[in-house]
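Please treat every number below as a calculation from the coordinates, not as lab data. Please read all numbers here as calculations on a predicted model, not as lab measurements. Every residue, glycine among them, receives a Cβ derived from its backbone with ideal geometry; neighbour counts consider all protein chains shown.
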Amino acid sequence: MSDIILLASHNALSSSISLPSEMLTAANDFAKAHGNPQLSVVTATASGKAVTTQAGFSVSGPALETLARPQLVYIPSTWRSPLPMLKELAPLRDRITQWYLEGTRFCSVSTGSYLLAEFGLLDHQPATTHWHYFDHFASRYPHVELKRDYFVTVAKQSYCAGSVNSLADLTVHLISELYNHETAHWVQRNFSHEIRRPFKEIAYIQGDSAHKDEEIALAQHWIRENLQHPEILNAIVQRLDMNPRTFSRRFRNAVQMTPNQFVQKCRIEQAKQLLRHSNLAIGDVSFNVGYQDVSFFAQLFRRQLGLSPSEYRRTVRAKLFIAR
């Protein structure tokens, strides 16, 4: 069984196939080294015959329809007009639609989103494509919610990357879901040494909206404003005059994580900002975000990001060296 299929087509951008392939290979290497399950990655074509990419590389693989349903399929980007790709891959409509309905995820790269839209799988969902084709895409697929201001969109099982660069961010996100966060951080560090913007800052995620529990929203605001307080949750429960179990249940229902997980998430994010923009010692950073035990803070930070606080600071402050 193939867990992930990289679909190749004539005149595709080689990087839209090779980049996820290399990143997923790295994820498998890391998983193997740590005794975790690996995922099978297979390159396929529509007919089972080799195709030639825009750069002249020959890509071969089995016919997609001979493979079992995978967890994820990558749809490549084309060089210039995507219409020839639609004709080449049209015979795959029934199989791709069937897989989609059965739960397979599809990640389109740049103009690859045309294929999902052509098959009706993006109707009434947010999507993006290469900027040069925005108007053409919107005219051809009026039922798709084209997000011109986002490089990445996520909706149900459809993931769209507007460019090869955003494909790297999206693949890191998918690795975190298919493997784990530790594997994703390791792959990101090896393929993008600079610290990139958080995924949620560049992606439009369908349904990712604020909840309607006003008291929990107020609690979230207090947490963000009082991270230095070591007993912030106890203080909030008292301030809201709410039973701790009731608070915890309502918080989980509204935020999809426990109160402690939310506090940790906010503290780590604030620590990242302090490490990036201030010269505070690691111990002072730890204290400023509510951790009096510096060792515990450092262990938690490394577990979340795969880097120690000092390593993170050096990475985000790295400057390009130019020989003169």
| So for ARG140, ARG250, fewest C-beta neighbours within 10 Å to most, what's the order? | ARG140, ARG250
| said: Could you identify which residue out of THR258, THR45, THR111 has the top mean-square fluctuation in a GNM of the chain using Cα springs shorter than 10 Å? | reply: THR258
| Taking MET257, MET23, MET242 and counting other C-beta atoms within 10 Å, the order from fewest to most | MET257, MET242, MET23
| remark: Rounded to one decimal in nm, the spacing of the 7 Å Cα→Cβ label points at GLU102 and SER310 is 5.2 nm
| request: Could you tell me which of the pairs LYS147/LYS265; LYS156/LYS272; LYS49/LYS87 are separated by over 26 angstrom between their Cα atoms in the structure shown? | output: LYS147/LYS265; LYS156/LYS272
| field | Sequence of CYS266, CYS107 once ranked by neighbouring C-beta atoms within 10 Å, starting from the fewest | value | CYS266, CYS107
| request: Could you tell me what percent of the DSSP beta bridges with both partners in the chain are antiparallel, to the nearest 5? | output: 25 percent
| remark: Taking a crude spin-label model, label points 7 Å out from Cα along the C-beta direction, the HIS136 to ALA63 distance in nm is 3.0 nm
| Once label points are set 7 Å from the Cα along Cα→Cβ at both ARG239 and HIS124, what is their separation, rounded to one decimal in nm? | 4.1 nm
| said: For a quick check, take a GNM of the chain with Cα springs below 10 Å and name the residue from GLN188, GLN220, GLN256 with the largest mean-square fluctuation. | reply: GLN256
| field | Loop-located GluC sites (Glu not before Pro) in region 205-291, at most 15 other Cβ atoms within 10 Å (DSSP) | value | GLU231
| remark: So for region 214-316, using the alpha carbon gyration tensor with a ≥ b ≥ c as root eigenvalues (a/c under 1.5 gives rounded; past that, a/b versus b/c decides prolate or oblate), I'd call it prolate
| Rounded if a/c is under 1.5, else prolate if a/b is larger than b/c, else oblate: which is region 46-188, with a ≥ b ≥ c the root eigenvalues of its Cα gyration tensor? | rounded
| Which whole-Hz ³J(HN,Hα) couplings does region 58-71 yield from phi under the Karplus relation 6.51 cos²θ - 1.76 cosθ + 1.60, θ = phi - 60°, glycine and proline marked x? | 8, 10, 10, x, x, 5, 4, 5, 8, 9, 6, 4, x, 6
| Which loop-located GluC sites (Glu not before Pro) does region 10-111 contain, where loop means any DSSP state but H, G, I, E or B and the Cβ has at most 10 other Cβ atoms within 10 Å? | GLU102
| query | Could you give the length gained on full extension between SER81 and LYS156, defined as 0.36 nm per residue of separation minus the Cα-Cα distance, in nm? | reply | 24.3 nm
